[in-house]
Amino acid sequence: MSATRYTYLGPEGTFTEAALRTLPEAATRELVPMVSVPAALDAVRNGEAAAALVPIENSVEGGVTATLDELASGEPLMIYREVLLPIAFALLVRPGTKLSDVKTVTGHPVAQPQVRNWLRAHLPEAVWESAASNADGARLVQEGRFDAAFAGEFAAATYGLEALVSEIHDAENAETRFVLVGRPARPAAPTGVDKTSVVIWQREDHPGALLELLQEFAARGVNLMLLQSRPTGAGIGNYCFAIDAEGHIADRRVGEALMGLKRICANVRFLGSYPRAGATEEDVTPLRPGTSDREFTAASDWLVRCQDGRA
């Protein structure tokens, strides 16, 4: 395995590359762009890279399905870190292009919902066609296949383009969450501001089945930060659920919730416990009475005493 190589959703000039370069260790790694999220993750699976950075959630569009589906299937991988990156688009064009010249535009599918209102107001007749990434859209403009691309302004120099319009976003404070993914190993020690990610599959579909899964968290005072259903491919109505829960697998309340899920679910895939990006102790949901590690330990000790006749 190449311990010095990180892959990311490429080509050069993507928001994913920009997010990866915010990590301190990126300065000492070989950063390799890949054509897709599956390609970036497969490089980790087959030992060509130590880790991959891929987008997983956008504050406007929601979950990045390619990443969620890839983490839920295939050889298991684990999330070690997350990065939050503010997102604003620029309309990149070949030098000399005017707004009235733009008849075709491109960008990553996740970008379209973030610029839809701007397009409607300024380029209502422009035809949109999706690209593999925003940077790939810039490359296609460079090659003359489209008139303009929505991408990060930092991509303009890489592809010999210029920003005709900057700071385009329909939603203020839009962010994309990226995750650094590697092969499974022992999670890092808890920091106090952690997140745990899992994918779960129901054993069977029946009234209240989802409620039963959620009660494993609720009964132990574990706050959920994300719940998203994804089709399993086994037919209409068959879903798995991607869940982000507040806390670390080493926290008794989180660990016992996961054990509860393992008992009642067809499958549970642990995706990692890792620090929440940009979070402080003030952002952590206060513990409900009876859900601290100390109280879980006291209850366990009491049960042992009862079993020994010492209660």
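Values computed for the structure shown
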{"read-out": "Boolean, residue 271 is in contact (Cβ under 8 Å) with a residue 60 or more places away in the chain and within 21 Å of the chain's Cα centre (by Cα)", "value": "yes"}
{"read-out": "Output for the stretch 113-138, where each listed residue is out of contact with any strand residue (DSSP E or B) (no Cβ under 6 Å at 6 or more places or on another chain) and either surrounded by fewer than 21 Cβ atoms within 10 Å (Cβ to Cβ) or modelled with pLDDT of 95 or more (or both)", "value": "113, 116, 117, 119, 120, 121, 122, 123, 124, 125, 130, 132"}
{"read-out": "Some residue of the stretch 72-82 being more than 30 Å from residue 126 (Cα to Cα), without any contact (Cβ under 8 Å) to a residue 60 or more places away in the chain and not in a loop (DSSP other than H, G, I, E, B)", "value": "no"}
{"read-out": "Residue 290 on the phi > 0 side of the Ramachandran plot and more than 23 Å from the chain's Cα centre (by Cα)", "value": "yes"}
{"read-out": "Identity of the residue in the stretch 3-54, among the hydroxyl-bearing types (Ser, Thr, Tyr) and touching a helix residue (DSSP H, G or I) at 6+ places or on another chain (Cβ under 9 Å), that ends up nearest to residue 137 (Cα to Cα)", "value": "14"}
{"read-out": "Checking residue 31 against (1) in contact (Cβ under 8 Å) with a residue 40 or more places away in the chain; (2) farther than 20 Å from residue 228 by Cα; (3) assigned to a strand (DSSP E or B); (4) hydrophobic (A, V, I, L, M, F, W, C), the condition it does not meet", "value": "(1)"}
{"read-out": "Unique match (being of a type outside the set (Gly, Ala, Ser) and free of Cβ contacts under 8 Å to residues at least 24 places away in the same chain) among 167, 143", "value": "143"}
{"read-out": "Any strands (runs of 3 or more DSSP E) falling wholly within the stretch 190-255 and containing at least 1 residues that are of a type in the set (Asp, Glu)", "value": "194-202, 239-246"}
{"read-out": "Complete set of residues in the stretch 266-278 that are of a type outside the set (Gly, Ala, Ser) and either touching an Asp or Glu at 6+ places or on another chain (Cβ under 8 Å) or surrounded by fewer than 21 Cβ atoms within 10 Å (Cβ to Cβ) (or both)", "value": "267, 268, 269, 270, 274, 275, 276"}
{"read-out": "Of the criteria (1) of a type outside the set (A, V, I, L, M); (2) touching a strand residue (DSSP E or B) at 6+ places or on another chain (Cβ under 8 Å); (3) on the phi > 0 side of the Ramachandran plot, which one residue 144 fails", "value": "(2)"}
{"read-out": "Residue that is surrounded by the fewest Cβ atoms within 10 Å (Cβ to Cβ) [pool: residues in the stretch 67-99 that are β-branched (Val, Ile, Thr), within 22 Å of residue 118 (Cβ to Cβ) and at pLDDT 95 or above]", "value": "97"}
{"read-out": "Set 294, 263: member being open to solvent by 60 Å² or more (accessible area, probe 1.4 Å), free of Cβ contacts under 8 Å to residues at least 12 places away in the same chain, within 19 Å of residue 189 (Cα to Cα) and part of a helix (DSSP H, G or I)", "value": "294"}
{"read-out": "Test: residue in the stretch 30-53 that is of a type in the set (Val, Ile, Thr), open to solvent by 60 Å² or more (accessible area, probe 1.4 Å) and within 30 Å of residue 239 (Cα to Cα)", "value": "yes"}
{"read-out": "Those residues of the stretch 3-28 which are free of Cβ contacts under 8 Å to residues at least 60 places away in the same chain and closer than 23 Å to residue 149 by Cβ, in sequence order", "value": "7, 8, 21"}
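The values are calculated or read from the model by the stated rules, or taken from the named source; none is laboratory data. These numbers come from a predicted model, not from an experiment. In this analysis, Cβ positions are derived from the backbone assuming ideal geometry, glycine residues included, and neighbour counts consider all displayed protein chains. Heads up: the accessible areas ignore ligands, DNA and RNA and are worked out on the full protein's heavy atoms, side chains in. Shrake-Rupley method; radii C 1.70, N 1.55, O 1.52, S 1.80 Å.
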